[in-house]
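Enquirer: Once you've had a glance at the structure underneath, I'll fire off some questions.
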Amino acid sequence: MSICVVGTGYVGLVTGVCMADLGNDVICVDVNAKKIQNLKKNILPIYEPGLEELVKKNKKRLTFTTNLKEGVTKSEIIFIAVGTPPTETGEADLTYLKSVAKEIGKHMNSSKIIVDKSTVPVGSGDIVESIIDEYSKGKYKFDVASCPEFLREGSAIHDFMNPDRVVVGAKRKEAAEKVAEIFKPLNTKIITADIRSAEMIKHASNTFLAMKISFINEIANICERVGADVEVVASGMGLDKRIGKMFLNAGAGYGGSCFPKDVAALRCMARNEDYEPLLLSAVMEVNKQQRKIVVNKIKNIMGTLEGRQVGILGIAFKPDTDDIREAVAIDVMAALLEKGCRIKAYDPVAVENAKKVLKGVKYVESPYEAAKDSECLVVLTEWKEFKELDLEKIKKVMKKPAIVDGRNIYEPKEMQAAGFKYTGIGRG
Ligand code: NAD
């Protein structure tokens, strides 16, 4: 099949490359000329395990261009995977989506299916349809479909190739079937739905996962006060099939470009319809509070913060990605800087991105450098390498051996036995 993917970010690039791997000819379009130039030279704009190899493997079936007209005219199916970032009020900003719809409309040369892969508010399919209709002047028949993406950064290729389900929303059955055909080789359940329900499935799924995280964090905060250990509690809960063990990891809270944005966007959608979604507000509040709890724990362990040095382990919003959008570490470091702390921070791949958004931090090249002369080491991303640190060496180089474990990667008893002043989240 000839496919165009508009937007070569975390979602567009991965889905484009994976669809090429499934045997399709894929034109990947982006407005960012530098990104496209680099992609042509096999230089990837993001860190994603396995992606570089897959780009190389499918070189013959992949085209990278800034020319949207070329992508539109040469393709039967056009996926839109541009960003839908939050506005100040929490609503999804549809500027990029609308601008792409306008360009697609202008360049239509035959009947096509336009599939929205970006996470968009319910009703966006209708907006895209009316824009394309306006700019194509009704000359061609076309379908708009919704195919929300559920991949996770850090395991994006695996997630694309092994999805729990694929959701396709469309008005016409034939259009849904055509889109579904692309995903048939994945041997997964394909759910066909109306467009609005497909758009809602994405928001409801992400919000549910965010809720699980905020729920276990709320339990963790209670555990601390009543002398229970949230790790034991979560594993006891998780064995119940009705609950499930995933997303029950207590810690410094969720970040990234999806959960915070999608929960806020769903709240806006509800409020726009005069419904106050109490649970969604609570999910957001608990998550915001978790970041403050980490800063308080650092303060409690160190006494005063002014002029003292803290080492940060992990900046990316989760392991195996360089994405720092809405990352807990950025907020925590900003709060510490405001209180006069000196910070040394380390992340295996996200440092370059962090340098662009947070100045005043000394970014270093190893966890041991972050620990050197620090009075507290703070774990904010659960990178595997942090679980395998030489703790004796860490203790030796620190000014005072103290750890605030914002991701509960260590065992309190072991850390205390190793001579650290240690605090995790919810380990009463
Ligand atoms: P991103 O910011 O990494 O990438 C968006 C890309 O779109 C950028 O490269 C940008 O240059 C490009 N773009 C913007 N306007 C354009 C235009 N007019 N023409 C061509 N390209 C244009 O975003 P992302 O993380 O890939 O997310 C994309 C969408 O997918 C969002 O709606 C997001 O919520 C959703 N989503 C993201 C994830 C994730 O893990 N990142 C997972 C599922 C869904």
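Enquirer: Residues in region 126-152 that are buried (at least 24 other Cβ atoms within 10 Å of the Cβ) and small (Gly, Ala, Ser): how many?
Expert: Number satisfying all stated conditions: 2.
Enquirer: Being in contact with a Gly (Cβ under 7 Å, 6 or more places away or on another chain) and within 28 Å of residue 118 (Cβ to Cβ): is that true of residue 195 here? Working first, answer last.
Expert: Values: in contact with a Gly (Cβ under 7 Å, 6 or more places away or on another chain): yes; within 28 Å of residue 118 (Cβ to Cβ): yes.
When the stated conditions are applied, residue 195 passes them.
Enquirer: How many residues does region 62-120 hold that are surrounded by fewer than 18 Cβ atoms within 10 Å (Cβ to Cβ), part of a loop (DSSP other than H, G, I, E, B) and over 21 Å from the mean Cα position of the chain (by Cα)?
Expert: Result for region 62-120: 7.
Enquirer: Restricting to region 406-423, count the residues that are surrounded by fewer than 18 Cβ atoms within 10 Å (Cβ to Cβ) and touching a helix residue (DSSP H, G or I) at 6+ places or on another chain (Cβ under 8 Å).
Expert: 3
Enquirer: Is it true that residue 353 is of a type outside the set (D, E, K, R) and surrounded by fewer than 22 Cβ atoms within 10 Å (Cβ to Cβ)? Steps first, please.
Expert: Values: of a type outside the set (D, E, K, R): yes; surrounded by fewer than 22 Cβ atoms within 10 Å (Cβ to Cβ): yes.
So residue 353 fits the description; yes.
Enquirer: Separate question: Here are the criteria: (1) over 23 Å from residue 87 (Cβ atoms); (2) in contact with a helix residue (DSSP H, G or I) (Cβ under 7 Å, 6 or more places away or on another chain); (3) more than 16 Å from the ligand (Cβ to nearest atom). Tell me which single one residue 284 does not satisfy.
Expert: (1)
Enquirer: Can you list the helices (runs of 4 or more DSSP H) found entirely within region 327-428 that contain at least 1 residues being under 25 Å from the mean Cα position of the chain (by Cα)?
Expert: On the way: elements: 328-338, 351-357, 367-371, 384-387, 391-397, 412-417.
The qualifying helices (runs of 4 or more DSSP H) are 328-338, 351-357, 367-371, 384-387.
Enquirer: Kindly indicate which of 252, 210, 220, 265 is over 30 Å from residue 167 (Cβ atoms), under 17 Å from the mean Cα position of the chain (by Cα) and buried (at least 20 other Cβ atoms within 10 Å of the Cβ). Break it down stepwise before answering.
Expert: Numbers: 210 fails: over 30 Å from residue 167 (Cβ atoms); 220 fails: under 17 Å from the mean Cα position of the chain (by Cα); 265 fails: over 30 Å from residue 167 (Cβ atoms).
So the residue among 252, 210, 220, 265 that is over 30 Å from residue 167 (Cβ atoms), under 17 Å from the mean Cα position of the chain (by Cα) and buried (at least 20 other Cβ atoms within 10 Å of the Cβ) is 252.
Enquirer: Another question, then. If you scan region 114-137, which residues turn out to be within 13 Å of the ligand (Cβ to nearest atom) and more than 23 Å from residue 270 (Cα to Cα)?
Expert: The answer is 115, 131.
Enquirer: In region 293-326, what residues are assigned to a helix (DSSP H, G or I) and either of a type in the set (Phe, Trp, Tyr) or out of contact with any helix residue (DSSP H, G or I) (no Cβ under 8 Å at 6 or more places or on another chain) (or both)?
Expert: So the first thing to find is which residues in region 293-326 are assigned to a helix (DSSP H, G or I), and the list is 293-302.
Correct list: 296, 297, 299, 300, 301, 302.
Enquirer: Checking residue 101 against (1) within 24 Å of residue 155 (Cα to Cα); (2) within 13 Å of the ligand (Cβ to nearest atom): exactly one of these is not met. Which one?
Expert: (1)
Enquirer: Tell me whether region 13-27 contains one or more residues that are away from the ligand (no atom under 12 Å from the Cβ), in contact with a Pro (Cβ under 6 Å, 6 or more places away or on another chain) and either within 21 Å of residue 131 (Cβ to Cβ) or modelled with pLDDT of 95 or more (or both). Give the steps one after another, and end with the answer.
Expert: Step one: list which residues in region 13-27 are away from the ligand (no atom under 12 Å from the Cβ), which gives 17-26.
Cutting the leftovers down to in contact with a Pro (Cβ under 6 Å, 6 or more places away or on another chain) gives us 22.
Narrowing further to those that are either within 21 Å of residue 131 (Cβ to Cβ) or modelled with pLDDT of 95 or more (or both): 22.
Within region 13-27, one or more residues are away from the ligand (no atom under 12 Å from the Cβ), in contact with a Pro (Cβ under 6 Å, 6 or more places away or on another chain) and either within 21 Å of residue 131 (Cβ to Cβ) or modelled with pLDDT of 95 or more (or both).
Enquirer: Ok, one more. Taking the stated definitions as given, is residue 24 among the polar types (S, T, N, Q) and under 22 Å from residue 349 (Cβ atoms)? Explain how you work it out, then say what you get.
Expert: On the way: among the polar types (S, T, N, Q): yes; under 22 Å from residue 349 (Cβ atoms): no.
Criteria not met by residue 24.
The values are calculated or read from the model by the stated rules, or taken from the named source; none is laboratory data. Keep in mind the model is a prediction, meaning the values are calculated, not measured. Quick reminder, even Gly has a Cβ in these numbers, built from the backbone with ideal geometry, and neighbours come from all protein chains shown.
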